[in-house]
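Q: Below are the structure tokens for one structure; questions will follow.
The values are calculated or read from the model by the stated rules, or taken from the named source; none is laboratory data. Computed from a predicted model, the values in this text were never measured in an experiment. Neighbour counts are summed over all protein chains in view; Cβ atoms, including those assigned to glycine, are modelled from backbone coordinates with ideal geometry. Ligands, DNA and RNA are excluded from the accessible area calculation, which covers all protein heavy atoms including side chains. Shrake-Rupley method; radii C 1.70, N 1.55, O 1.52, S 1.80 Å.
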Amino acid sequence: MKITDVKVWLVEGVKYNWTFLKIYTDEGITGVGEATNWPGSQIVEAAAKEVGRRIIGLDPMKVDFIWTKLYRDLNWVGPYGASMCAISGIDMALLDLKGKALGVLRFTNC
């Protein structure tokens, strides 16, 4: 299985905005994550899009490998802020995707 795309949405909220992302694979399995960090919503959205481009073609089942790769790729900007929000959202989506792929999640229509 390979990651084919990562979509990112900035959703306007009442108190603050939300940054959601969805990872797509060549087998049709998807995973959903959330990378919100108010007030830097637009910065987190841009970071999540950049991070998403870096994982296209990778095996989504290798969650720890991808986390480490992204952390090391983005360490030069610091291990905090928008980059870590983006990595966290990707990690959440990968774990959601992996759970669906392994059949341990009941709700697979996201």
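Q: Out of everything in segment 7-28 that is among the hydrophobic types (A, V, I, L, M, F, W, C) and open to solvent by 40 Å² or more (accessible area, probe 1.4 Å), what residue ends up being farthest from Ala47 (Cα to Cα)?
A: Val14
Q: If you don't mind, there's one more thing I want to ask. Give me the residue from segment 66-90 that is open to solvent by less than 40 Å² (accessible area, probe 1.4 Å) and of a type outside the set (A, V, I, L, M) and, out of that set, modelled with the highest pLDDT.
A: Checked segment 66-90; the qualifying residue modelled with the highest pLDDT is Gly89.
Q: Here is a further query. State which residue pairs qualify: first residue without any contact (Cβ under 8 Å) to a residue 24 or more places away in the chain and inside segment 31-48, second residue open to solvent by 30 Å² or more (accessible area, probe 1.4 Å) in any location, beta carbons under 6 Å apart, and separation of 6 or more residues or different chains.
A: Hits for this filter: Trp38/Tyr16.
Q: Here's a follow-up. Could we say that Leu97 is in contact (Cβ under 8 Å) with a residue 40 or more places away in the chain and open to solvent by less than 20 Å² (accessible area, probe 1.4 Å) here?
A: On the way: in contact (Cβ under 8 Å) with a residue 40 or more places away in the chain: yes; open to solvent by less than 20 Å² (accessible area, probe 1.4 Å): yes.
Criteria met by Leu97.
Q: Taking the conditions exactly as written (within 15 Å of Leu10 (Cα to Cα) and open to solvent by 40 Å² or more (accessible area, probe 1.4 Å)), does Ala35 satisfy them or not?
A: Details: within 15 Å of Leu10 (Cα to Cα): yes; open to solvent by 40 Å² or more (accessible area, probe 1.4 Å): no.
The answer is no for Ala35.
Q: Within segment 11-38, work out how many residues are outside any loop (DSSP other than H, G, I, E, B) and either modelled with pLDDT of 95 or more or closer than 17 Å to Met84 by Cα (or both).
A: 13
Q: Now, a different point. Starting from residues that are within 14 Å of Leu97 (Cβ to Cβ) and charged (D, E, K, R), keep the ones in segment 13-33 and report whichever is nearest to the chain's Cα centre (by Cα).
A: Selected residue: Lys22.
Q: Tell me which residues, restricted to segment 39-65, are open to solvent by less than 40 Å² (accessible area, probe 1.4 Å), in contact with a helix residue (DSSP H, G or I) (Cβ under 6 Å, 6 or more places away or on another chain) and in a helix (DSSP H, G or I).
A: Listed by number, the residues that qualify are Val44, Ala47, Ala48, Val51, Val63.
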